[in-house]
Amino acid sequence: MKQKWKEMQFVEISMHEIFCLQDLLDSVKDDPEKVWEIFDDFLMDCENQLELDPGFLKELMEIDLEKDSININNSEDFDKLFEEDTHYKTAKDYVDYIIKRSV
């Protein structure tokens with residue numbers, strides 16, 4: 001599978017990969033759950049081929065690990081984060097919350 005980053009991304013799948021997938025699916029065709037697992041793994045492999053937006057990579061490189069992080073020395077410290085303030089609902093809310101705490 002090959003990939004070049006664009007807003008809409010496509011994954012190129014070789015015929016060899018398709019035939020291998022077909023062989024795997026044929027081998028478990030009587031077990032629908034296993035068929036789904038194999039196909040889901042294939043889709044995950046495709047997803048893993050997608051590339052990250054260069055702007056996102058730039059943002060990651062600009063993170064100051066000293067300034068933009070807080071120290072968690074043990075699991076009790078980690079648990080306290082959740083006990084003290086649980087107003088965040090998404091991962092972005094949580095990251096914003098952590099960054100505000102460390103400023």
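The values are calculated or read from the model by the stated rules, or taken from the named source; none is laboratory data. Computed from a predicted model, the values in this text were never measured in an experiment. Quick reminder, even Gly has a Cβ in these numbers, built from the backbone with ideal geometry, and neighbours come from all protein chains shown. In case anyone asks, the SASA skips ligands and DNA or RNA and just uses the protein heavy atoms, side chains included. Shrake-Rupley method; radii C 1.70, N 1.55, O 1.52, S 1.80 Å.
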Cβ-Cβ distance below 8 Å, separation of 6 or more or different chains: which pairs start in the stretch 39-57 with a residue that is closer than 16 Å to Glu12 by Cα and end on one that is open to solvent by 80 Å² or more (accessible area, probe 1.4 Å) and among the basic types (Lys, Arg)? Gln49/Lys2; Glu51/Lys4
Quick one: would you say Lys29 is assigned to a helix (DSSP H, G or I), basic (Lys, Arg) and at pLDDT 70 or above? no
Which of the helices (runs of 4 or more DSSP H) contained wholly in the stretch 32-103 include at least 3 residues that are at pLDDT below 70, open to solvent by less than 100 Å² (accessible area, probe 1.4 Å) and not small (Gly, Ala, Ser)? 75-84, 91-102
Please identify the pairs in which a residue from the stretch 8-25 that is under 17 Å from Asp41 (Cβ atoms) and modelled with pLDDT of 85 or more has its Cβ atom under 8 Å from the Cβ atom of a residue that is part of a helix (DSSP H, G or I) and open to solvent by less than 100 Å² (accessible area, probe 1.4 Å), counting only partners at least 6 apart or on another chain. Ile13/Cys46; Leu21/Ile38; Leu21/Phe39; Leu21/Phe42; Leu24/Ile38; Leu25/Val35; Leu25/Ile38; Leu25/Phe39
